[in-house]
Amino acid sequence: MNVESFEPYHIGTKLIPDIDLNIFLEKITKVIEQNEYEVPKEPISNIQIIGSPTKIIGVKNDVRIELNFAAQALNVIGRNPSDVFDIFKEVQDLLPSIGYEIDATVLFYEIISTIIIKTDKDPVELLKKSTRLDFTAFEDIYDLGVIGLRITNMEKNNILFNLIIEPNKTSPNSRFSVQLQFRSKEKEKIQFINNELENKILSIIQSLERDE
């Protein structure tokens, strides 16, 4: 069993609604261009266009920085969690230099990812055996079973955690698809989850195999 890919890995920064995103875009584009990012050569003013709410600001090490006008969010997106976190941290460190203090500007941070896990076992069968639910009330319906699990904390203590475990849609006989959402107001918690994510996800999937 192993983590095969992150499709993709996203760390978002939700910004307060008071920020004028066109002005923010102009300022942050200038500063990241000075820090060895590849910056698209396009006009950066009045970029909020209907049907095109997301603007790629810069790219470094196959990680892109995007500004989502619809969500009022600054997002860092890539395929490698370590690389994404490094760029996320670098961008956070740049914000005060252009007049945006973190405590005053940021509402929360959020990790979103779909994690593909390769396994030698049958994900559908493992999930079916993961619960003791009694399906006999619907015994006339053939071959019922649980093929998805959701783990959540119902957004307690300023933290939101959702984990949905399913067979992967394109390879359900050999891969799990794990959808992750983790939200916190504390950057340190984002770092902790980022650093420990692969081991924590694998431990949950391995527990399904142990219960087989």
Taking Cα atoms, how many degrees apart are the long axis of helix 81-94 and the longest axis of the chain, rounded to 10 and kept between 0 and 90? 30 degrees
For the pair LYS187 and MET1, the simple spin-label estimate (label points 7 Å beyond Cα toward Cβ) gives in nm 3.4 nm
What Rg and what Dmax come out for the chain when only alpha-carbon atoms are used, in angstroms? 20.3, 66
Would you mind checking the tilt of helix 187-210 against the longest principal axis of the Cα atoms of the chain, expressed as 0 to 90 degrees and rounded to 10? 20 degrees
Using label points projected 7 Å from each Cα along Cα→Cβ, tell me how many nm separate GLN206 and ILE159, to one decimal. 2.1 nm
Could you work out how far apart the two model spin labels at GLU198 and ILE23 are, taking each label as a point 7 Å from the Cα in the direction of the beta carbon, and quote it in nm? 4.3 nm
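Where a number appears in this text, it was derived from the coordinates with a stated rule and is not lab data. Keep in mind it's a predicted model, so treat the numbers as computed, not measured. Note that each Cβ is placed from the backbone with ideal geometry, even for glycine, and that neighbours are counted across all protein chains shown.
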